[in-house]
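Structure, as structure tokens:
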Amino acid sequence: MTKAEVSNDIYISLRDRSTVWNNLPVLPAIFLVGLIVMAVKKIKATMNTRVKGSRLRLAAKKVFEDMGFLVDIVEKTHRFAPIRDCFGVADLIAIKKNSVVLIQVTANRPHTHGQFEEFSREYCGSNVGMQQWVWIDNKGWRVFAYEDGKKIRVPK
């Protein structure tokens, strides 16, 4: 074959889409399928994480309401919110006569305690408290309270 015949064959095969798809190697097609499956799993995991967070906030809200507090969820959950938590530290605000509690709700691991200790040192006092509620899967709630800039583990 001459160069002209080879280039003409390539041009014809590139014009015919079915020929192009039939000539694709199998490995890139498998790779593309793998990428699609990974993307679907990522989207599903994100949705499950969001649902779990909402479920835990509602569970913590119910616990405080059972203790006689008036509770509101103040976390902004839309995707374009630059700061999602109230004051940057609270998902819930619970109010009872002469007391206000700011609550951060998390799953399985607590947030770093530094920001909560700093917030409690600056703004919390005798009537305002700060707590972090951590839901540990299959174990239940672990509660940390912050007073005067110090972390206190609340026993069950």
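The values are calculated or read from the model by the stated rules, or taken from the named source; none is laboratory data. A quick note: this is a predicted structure, and the numbers were derived from the prediction, not measured. No Cβ is skipped: glycine too gets one built from the backbone with ideal geometry, and neighbour counts run over all protein chains shown.
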Notebook entry, point to check: Restricting attention to the range 142-153, does a residue exist that is out of contact with any helix residue (DSSP H, G or I) (no Cβ under 7 Å at 6 or more places or on another chain), at pLDDT below 85 and either closer than 17 Å to residue 100 by Cβ or among the aliphatic types (A, V, I, L, M) (or both)?
Noted result: yes
Next item on the list: Please state which of the following conditions residue 45 fails to meet, knowing it meets all the rest: (1) small (Gly, Ala, Ser); (2) at negative phi; (3) at pLDDT 80 or above.
Entry: (3)
Margin query: Of all residues being part of a helix (DSSP H, G or I) and acidic (Asp, Glu) in the range 106-138, which is surrounded by the most Cβ atoms within 10 Å (Cβ to Cβ)? Just the residue, please.
Written below: 117
Next item on the list: Find the residue count for the range 91-105, including only residues that are outside any strand (DSSP E or B) and surrounded by 15 or more Cβ atoms within 10 Å (Cβ to Cβ).
Entry: 1
Check: Can you tell me which residues in the range 106-140 are free of Cβ contacts under 8 Å to residues at least 12 places away in the same chain and farther than 19 Å from residue 86 by Cβ?
Finding: 126, 138, 139
